[in-house]
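Single-structure report; data block below.
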């Protein structure tokens, strides 16, 4: 319905100078990833409002990929060939983004991925694929650097979801700890949605690791920590990479989430221009705290729309302008650079945070810190 | 040794809940010869019911079983009376399509009402444990749910073996036509059986909710598990389903500890195939040919 109205609106506006920028959005609006997809949707809606105030009218074409790569791909085909969008923002998950990236290259559509973690996406030399967030290797390296700067960990155990996100994040983490001289004593992947991780955690406990590194989405993160407490797993630090460990739901479970160290792409207390204001307006409008996904999506849409407008709605010019441009906004400084085998990758500064008294506090890097880190992890009560 | 004991204990405890799900499915199959593909979704409805009772009325999930059980019984009886009874004589694939359809309606209705957000039900004891010694600990909520499961299973055995209605249900399961000739109202028995099956699934949902998470598609995880348990134990055998549930629980737990979490499903299905290969009617099943 919404799409039809937009299409109708577009045909009514006949003068080309008033033409809205037609931009596609692919997102997981239903399906298992929908809770996080909702943040991306909201971030983009807020961007749409702000752009309107600046005099940039958007005509967004929304596509729901339900978290499945094949649906994501058909959405991209539709946006590229039938809707003729200038550029696309999305999709959310790594699997979908990786599938869509190749199509973006094929159809020469600039694609700006807001929050997918898998490194490979921007490591294939695809000229039309840009990424806002820091890839998975940054999660791993910033967390492990943080632990290494706080204590002297010698051993580490990995437990991660057996999906693209889980395996790629932990793989880079394993490569990274090897360079730091930390020994891997356990390396376990699990299928998402299991009810019982106790035996796996007991196995890890018997190895007595200094660090436990976990990669999980929302609900599993809570289960893993609950059951870690049950079996009495007691490392110097619990490191939670991404998604599940950086949600309000997780922080609310204070009995098990306090003192867990995680990292994030964004928080609303960081001093990047507009970050605080974005957090406040988001809360007022949607009644929820924004996650980093919301901020990434917001910044991505602003950049895509401004660039598309400046390039007169031309795909090739938009791509060149994205590549050459430099922005400073709620995500800090953004530049799509080529480095370490990445192309068009924003070398984003990750923030290390710890849940202290039920709240996420930035503990590293020092210039953004709001609290001092608690290390080692206190004894379970 | 601690790892072994820990895995064994949590395997048995989680297996108890699996058994409850399996018993519900096997009861329905035994009486009606209908494979209920909506079983996991019925469990999901039980979870949301528990969640609502907990958040709106503040009643503890384990206490709310007393409300969930009769409500789910009525829900199951309603499904049987309005939908399933009409297809009892239809082709098996039509019955399957009907139950799949019912399951889809349930999960999508719940998604419309509650959205697809994960719901976590946090009670004061959600993360509590009892230390057994030797580095082994037992999750308090899981232990309570195991005890409730055991009590319900015992009550169910008593009901099926000792009461007139229970015997009538078993008679219907053994031979529907003969039971009818003996004056048993088989339609009514079907409603009771489906009601009981649903109540058991709903109760299992209620019992897992303090330790698991709740979302509209959670059913599919448990539908598959319930099938494996039922077929492994022997279609229609309540004892078999109990055994199958505990066996699957232990297998999952052990393989997660000694092989890898990622491989536990593989181990479960290999075991399942082996049983089917050497005893095609399941552990406790009688061959029907």
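The values are calculated or read from the model by the stated rules, or taken from the named source; none is laboratory data. Every value quoted in this text rests on a predicted model; they were computed, and no experiment measured them. All Cβ positions, even for glycine, are placed from backbone atoms using ideal geometry, and neighbour counts span all protein chains on display.
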### Query
Residues of region A:198-209 being more than 8 Å from chain B (Cβ to nearest Cβ) and either touching a helix residue (DSSP H, G or I) at 6+ places or on another chain (Cβ under 9 Å) or under 24 Å from residue B:207 (Cβ atoms) (or both), which ones?
A:201, A:204
### Query
When both residues are 6+ apart or on different chains and their Cβ atoms are under 6 Å apart, which pairs have a first residue that lies in region A:189-207 and is surrounded by fewer than 24 Cβ atoms within 10 Å (Cβ to Cβ), and a second that is in a loop (DSSP other than H, G, I, E, B)?
A:189/A:162; A:191/A:162; A:195/B:212; A:205/A:233
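Table: residues versus (1) surrounded by fewer than 23 Cβ atoms within 10 Å (Cβ to Cβ); (2) touching a strand residue (DSSP E or B) at 6+ places or on another chain (Cβ under 9 Å).
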residue: A:228; (1), (2): no, yes
residue: A:275; (1), (2): yes, yes
residue: A:280; (1), (2): yes, no
residue: A:316; (1), (2): yes, no
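Out of all the residues in region A:189-197, is one or more at pLDDT 90 or above, touching a strand residue (DSSP E or B) at 6+ places or on another chain (Cβ under 9 Å), assigned to a strand (DSSP E or B) and within 10 Å of chain B (Cβ to nearest Cβ)? Please lay out each step first, then the result.
Step one: list which residues in region A:189-197 are at pLDDT 90 or above, which gives none.
For region A:189-197, residues at pLDDT 90 or above, touching a strand residue (DSSP E or B) at 6+ places or on another chain (Cβ under 9 Å), assigned to a strand (DSSP E or B) and within 10 Å of chain B (Cβ to nearest Cβ): absent.
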### Task
Could you tell me which residue of region A:34-57 is surrounded by the fewest Cβ atoms within 10 Å (Cβ to Cβ), considering only residues that are within 15 Å of residue A:284 (Cα to Cα) and under 14 Å from the mean Cα position of the chain (by Cα)?
A:39
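Out of A:144, A:222, which single residue is touching a strand residue (DSSP E or B) at 6+ places or on another chain (Cβ under 9 Å) and modelled with pLDDT of 90 or more? So that I can check it myself, show each step before the final result.
Numbers: A:222 fails: modelled with pLDDT of 90 or more.
On inspection, the qualifying residue turns out to be A:144.
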### Task
Take residue A:124 and decide whether it is in contact with a strand residue (DSSP E or B) (Cβ under 9 Å, 6 or more places away or on another chain), surrounded by fewer than 17 Cβ atoms within 10 Å (Cβ to Cβ) and not in a helix (DSSP H, G or I).
yes
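Being more than 14 Å from chain A (Cβ to nearest Cβ), on the phi < 0 side of the Ramachandran plot and under 13 Å from the mean Cα position of the chain (by Cα) narrows it down to one residue among B:207, B:200, B:274, B:224; which is it? Before the answer, list the steps.
Details: B:207 fails: more than 14 Å from chain A (Cβ to nearest Cβ); B:274 fails: under 13 Å from the mean Cα position of the chain (by Cα); B:224 fails: more than 14 Å from chain A (Cβ to nearest Cβ).
Exactly one residue qualifies, and that residue is B:200.
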### Query
Within region B:118-131, is there a residue that is at the interface with chain A (Cβ under 10 Å from one of its Cβ atoms), under 30 Å from residue B:3 (Cα atoms), touching a strand residue (DSSP E or B) at 6+ places or on another chain (Cβ under 7 Å) and not in a strand (DSSP E or B)?
no
### Query
Got at least one residue in region A:156-163 being more than 14 Å from chain B (Cβ to nearest Cβ) and either touching a helix residue (DSSP H, G or I) at 6+ places or on another chain (Cβ under 9 Å) or part of a helix (DSSP H, G or I) (or both)?
yes
### Summary
Among the residues of region A:327-362, the number that are buried (at least 17 other Cβ atoms within 10 Å of the Cβ) and under 18 Å from residue A:250 (Cα atoms) is 9
### Task
Filter the helices (runs of 4 or more DSSP H) completely within region B:167-253 down to those with at least 3 residues that are at pLDDT below 90.
B:218-233
## Note on the structure
Screening B:20, B:27, B:49 for residues that are closer than 26 Å to residue B:169 by Cβ, in contact with a helix residue (DSSP H, G or I) (Cβ under 8 Å, 6 or more places away or on another chain) and within 14 Å of another protein chain (Cβ to nearest Cβ) leaves only B:20
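I'd like the residue in region B:89-117 that is within 11 Å of chain A (Cβ to nearest Cβ) and free of Cβ contacts under 8 Å to residues at least 24 places away in the same chain and, out of all such residues, is surrounded by the fewest Cβ atoms within 10 Å (Cβ to Cβ). First the steps, then the outcome.
If we filter region B:89-117 for residues that are within 11 Å of chain A (Cβ to nearest Cβ), which is where we start, we get B:108, B:111-112, B:115-117.
With free of Cβ contacts under 8 Å to residues at least 24 places away in the same chain added as a condition, the list becomes B:112, B:115.
Numbers: B:112: 10, B:115: 14.
Of everything passing the filter in region B:89-117, B:112 is surrounded by the fewest Cβ atoms within 10 Å (Cβ to Cβ).
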### Task
Hey, can you tell me all the residues within region B:162-190 that are closer than 24 Å to residue B:65 by Cβ and crowded, with 20+ Cβ neighbours inside 10 Å?
B:169
### Message
Kindly evaluate residue B:253 against the criterion of being at the interface with chain A (Cβ under 10 Å from one of its Cβ atoms) and surrounded by fewer than 24 Cβ atoms within 10 Å (Cβ to Cβ).
### Response
no
